[in-house]
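Working notes, beginning with the structure itself.
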Protein chains: 2
Amino acid sequence: MTEYKLALVGFGGVNRALAQLIAERNEGWKTELGFSLKIVGVTDLFLGSLVGREGLDAGVLARLPSVKGALAQLPGGTVEALNEAVIKDSGADIIAEATFTNPVDGEPATSFCRWALEAGKHVVTTNKGPIALHGAELKALALRNKVAFEYEGSVMSGTPVIRLAKQTLAGSAINGFEGILNGTSNFVLTCMEGGLGFAEAVRQAQELGYAEADPSADVEGYDVRLKVVILANELLDAKLQVSDVSCQGISALTLDDIAKARQEGARWKLIGAATRQADGSVSARVEPRLLRNDHPLAAISGATNAVSFTSPLLGAVTVSGPGAGRMETAYALLSDIISLHSTVATH
Amino acid sequence: MTEYKLALVGFGGVNRALAQLIAERNEGWKTELGFSLKIVGVTDLFLGSLVGREGLDAGVLARLPSVKGALAQLPGGTVEALNEAVIKDSGADIIAEATFTNPVDGEPATSFCRWALEAGKHVVTTNKGPIALHGAELKALALRNKVAFEYEGSVMSGTPVIRLAKQTLAGSAINGFEGILNGTSNFVLTCMEGGLGFAEAVRQAQELGYAEADPSADVEGYDVRLKVVILANELLDAKLQVSDVSCQGISALTLDDIAKARQEGARWKLIGAATRQADGSVSARVEPRLLRNDHPLAAISGATNAVSFTSPLLGAVTVSGPGAGRMETAYALLSDIISLHSTVATH
């Protein structure tokens, strides 16, 4: 039975939920999944850091107060985020990277991934930044160092989408996809269908904690654009940069547009899409699209996310589910570890 | 590079479409999938049989006229369906079983699977009968003989559902599912929402080729029941027999019921469902359910199928896509071969 030593980089909601899962389920995983996990390091810009090569108590970590430097209150902890030391020198086999997404240069998460892969450690991450901006480099680095680099949660949180397409739809010759890849903007559109104006709908999303104080990453499509780059590069073997993807959000949609769509048996959705062209190139865009009510994505309401893959053999195959949530995203990290375990176990 | 020798048992639409895929794509699969396929035998109750250990021309087979004994027109062919000889003695590594579903005892398909597994051959099948009625026995037989037994297409044709749940949702602790697992009955309900009475809607389904002359397997839920047994046994580790699943179809639904549902913001759907109970047992049923419009299955219209899995970690994750079609179902056989190749390659 394999025991993986795990270092948690970034200890916000996601890695905290992973610690909670480990506290509750690690014993069961030994028989169910064929491995168990031992946390040997934690580091976080706000909370500090802690290394425990013999294993840290996952339950204690999960319940850690969210106060500055809290890790320094535990034996051996420090208020400093010793990221490089925790990644390279805690004895971890796997680095679970769940820091914030930086859409400009993917830092510091990209450096965290790079350090880990260069040190021969597997990396699982839920962070869009490193994958969308530096995915090819990091994948090559993982390959060179014979370690796994998994990032299922970077697109739709715990809802499987990358592995669904690459594994269960292998050989189906996927030639494009359309997705509702941002729960906040979809929630705003659902509210507008209920009669709220755009500004009011955004305010409601903010009150419910769906939208940031500055909602532009969500409603202007920038968040979706990163996910489109990840999916297109992964599934269509594209080599897209973020700037290759045209991007238009939903802020120009009016209640009139929404009402007119309804009369026509259709709905406006913010869609991220990519298609393989006749010449083999891949074109991708983010834009509001008017979907007829019988389109597989038309009924995806509220904060749910969905992707519809098209292939000449199957037509449309669509998966929908949560696109966010701390426990859902922590599950994505677990699913990455399950995947790397099956690869490691058979090689 | 691996070349698998394939025998096709039952040469109706599905295996014929597989022959067509092989004719068109075999060369590409060598690099894309790491294997190629060579057809060494075909047998069919209506068309006769043919063995060609050096490889049969997939394109010729795909274009074979659908006339009685047609395989006898090819060199070495015979009007007799020499099923046992083709399965055991054609030199095949893999048997692709795609004969008709017998919901009573699963024959003759179950015997075909048994012969193949006992002879140490991998089996891929799209046939509900053997899996729903004799799945545990056949899986044990495959395990004993160290061969693969794959049947993704038995539930939703080419739309991945078994592997989606077992592989991409591993560790999510799925505790139940609801599915729209019969395209004909769903098409009938969609027609009824358009104002057609039940009998008229069935007639329209028959005219379009969706429904059999005797539509009862579809509209009374018997087809769905077989699929519920397969999914519950596979994903919830249940040990259900077909008779354990209560079954009620849609023939008692009236246009009044449908209209009343619409007024309440809901839709009637024929649902196959299973749930793990508090005591660990699994209860399963087939019945019309009134789904609120925001239910993940409410918008699944026409001949599309869908399954929504529930788990404590993720809530609902839903997959939808084609539930029938010759090419779609042939893809399911290919996906089974891809899966067995990845297992064989790493063991």
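Across chain B, the mean sequence separation of Cα contacts (distance under 8 Å, 6 or more residues apart), normalised by length, yields a relative contact order of 17 percent. To the nearest whole percent, what portion of all C-alpha pairs in region B:142-182 is separated by more than 15 angstrom? In whole percent, the long-distance tail amounts to 55. For B:H295, what is the net charge nearby, where nearby means another residue's Cβ is under 12 Å from its Cβ and Lys, Arg count +1, Asp, Glu -1? Result for the local shell: +2.
Annotation for the A:B interface, with buried accessible surface near 2700 Å², both sides summed [1.4 Å probe; non-protein components not counted]. For region B:9-25, the Karplus equation 6.51 cos²θ - 1.76 cosθ + 1.60, evaluated at θ = phi - 60°, returns couplings of 10, x, 10, x, x, 6, 5, 5, 5, 5, 4, 4, 4, 4, 4, 8, 10 Hz by residue, with Gly and Pro reported as x. Mean sequence separation of contacting Cα pairs (under 8 Å, at least six apart), scaled by the length of region B:217-335, corresponds to a relative contact order of 20 percent. Distances between equivalent label points of A:R203 across the copies, with each point positioned 7 Å along Cα→Cβ, amount to 5.7 nm, shortest listed first. Close amide H contacts of A:T99 (hydrogens built in the peptide plane, cut-off under 5 Å, sequence separation of 5 or more or a different chain): none are found. Applying a DSSP loop filter and a limit of 10 other Cβ atoms within 10 Å to the GluC sites (Glu not before Pro) in region A:27-70 leaves A:E54. In this simple spin-label approximation, A:L290 and B:V344 carry label points 7 Å from Cα along the Cα→Cβ vector, and these lie 5.2 nm apart. Percent relative contact order of region B:32-118, based on C-alpha pairs within less than 8 angstrom and at least six residues apart? It rounds to 27 percent for region B:32-118. Anything losing 40 Å² or more of accessible area from the isolated chain to the full protein assembly: pick those residues out of region B:145-181, probe 1.4 Å, ligands and DNA/RNA ignored. Relative to the lone chain, where solvent access is computed with a 1.4 Å probe, region B:145-181 loses at least 40 Å² at B:P160, B:T168, B:A170, B:G171. Rounded to the nearest Hz, the phi-derived 3J(HN,Hα) couplings of region B:90-98 under the Karplus curve 6.51 cos²θ - 1.76 cosθ + 1.60 (θ = phi - 60°) are 8, x, 6, 8, 10, 9, 9, 9, 9, where x marks glycine and proline. Would you mind counting up the charge near B:G171? Only other residues with Cβ under 11 Å from its Cβ, with Lys and Arg at +1 and Asp and Glu at -1. Net charge around B:G171: 0. State the Cα centre-to-centre distance between region A:291-315 and region A:197-245 in whole Å. Going from one Cα centre to the other spans 18 Å. Among the GluC sites (Glu not before Pro) found in region A:213-318, those both in a DSSP coil and sparsely packed, with 13 or fewer other Cβ atoms within 10 Å of their Cβ, are A:E264. At a Förster distance of 30 Å, what's the computed FRET efficiency of A:K166 paired with B:D105, Cβ-Cβ distance as r, to 0.05? So, using R0 = 30 Å, E works out to roughly 0.20. Other residues lying with their Cβ under 11 Å from the Cβ of B:I87 contribute a combined charge of -1, Lys and Arg counting +1, Asp and Glu -1. Between amide H atoms placed 1.01 Å from N, distances below 5 Å from A:S36 occur with A:T2, A:E3, A:Y4, all of them 5 or more places distant or on a separate chain. For region B:165-322, the fraction of 1.4 Å probe accessible surface lying on carbon and sulfur atoms is 47 percent.
When the charge dipole of chain A is built from unit charges on Cβ atoms (+1 for Lys and Arg, -1 for Asp and Glu) and taken about the Cα centre, the candidate among A:V307, A:P130, A:V219 whose Cα reaches farthest toward its positive end is A:V307. I need the calculated FRET efficiency for the pair B:A259 and A:S216, taking r as the beta carbon distance and R₀ as 41 Å, to the nearest 0.05. Here the calculated transfer efficiency is 0.40. Kirkwood analysis of region B:165-322, using all unique Cα-Cα pairs, places the hydrodynamic radius at 15.9 Å. Restricting region B:200-240 to trypsin sites (Lys or Arg not before Pro) that sit in a DSSP loop and have at most 13 other Cβ atoms within 10 Å of their own Cβ leaves B:K239. Pull out a ≥ b ≥ c, the square roots of the eigenvalues of the alpha-carbon gyration tensor of region A:78-215, then state rounded if a/c is under 1.5, prolate if not and a/b is larger than b/c, and oblate in the remaining case. Oblate is the answer for region A:78-215, as a/c is 1.5 or above yet b/c matches or exceeds a/b. Peptides B:278-287, B:11-20, B:84-93 ordered by packing proxy, namely the average of other Cβ atoms within 10 Å per residue, highest first: B:11-20, B:84-93, B:278-287. Here the protein assembly as shown yields Rg over Rh of 0.98, to two decimals, using C-alpha coordinates and the Kirkwood radius.
In a fully extended conformation the segment linking B:E32 and B:Q248 would gain 73.3 nm over its present Cα-Cα distance, using 0.36 nm per residue.
Taking Cα atoms only, the orientation of helix A:128-144 departs from the longest principal axis of chain A by about 50 degrees.
Once backbone amide H atoms are built at 1.01 Å from N, B:I271 has B:E287, B:R289 as its partners under 5 Å, excluding neighbours fewer than 5 places away on the same chain.
The value for chain A of Rg(Cα) / (2.2 N^0.38 Å) is 1.02. 3J(HN,Hα) couplings calculated from phi for region A:171-183 with the Karplus curve 6.51 cos²θ - 1.76 cosθ + 1.60 (θ = phi - 60°) are, in sequence order, x, 8, 6, 3, 10, x, 8, 10, x, 9, 10, 9, x Hz; Gly and Pro show x. Taking region A:81-121 and a reference point 7 angstrom along Cα→Cβ of A:K146, the backbone N atoms nearer than 19 Å belong to A:92-95, A:116-121.
Solvent-accessible area per residue in chain A equals 39 Å², computed with a 1.4 angstrom probe and all protein chains kept.
Over 24 Å between C-alpha atoms is what I'm after, so list which of A:K30/B:K166; A:K269/B:K166; A:K166/B:K146 land there. In this structure, A:K269/B:K166; A:K166/B:K146 lie more than 24 Å apart at Cα. Rounded to the nearest Å, what's the spacing between the alpha carbon centres of region A:257-286 and region B:116-144? Just the number, please. For region A:257-286 versus region B:116-144, the Cα centre distance is 43 Å.
The values are calculated or read from the model by the stated rules, or taken from the named source; none is laboratory data. In this text, all values refer to a predicted model and were calculated from it rather than measured experimentally. Positions of Cβ are generated from backbone atoms using ideal geometry, with glycine treated the same way; all protein chains shown enter the neighbour counts. For the accessible areas, the whole protein counts, side chains as well, though only heavy atoms, and no ligand, DNA or RNA atoms are used. Shrake-Rupley method; radii C 1.70, N 1.55, O 1.52, S 1.80 Å.
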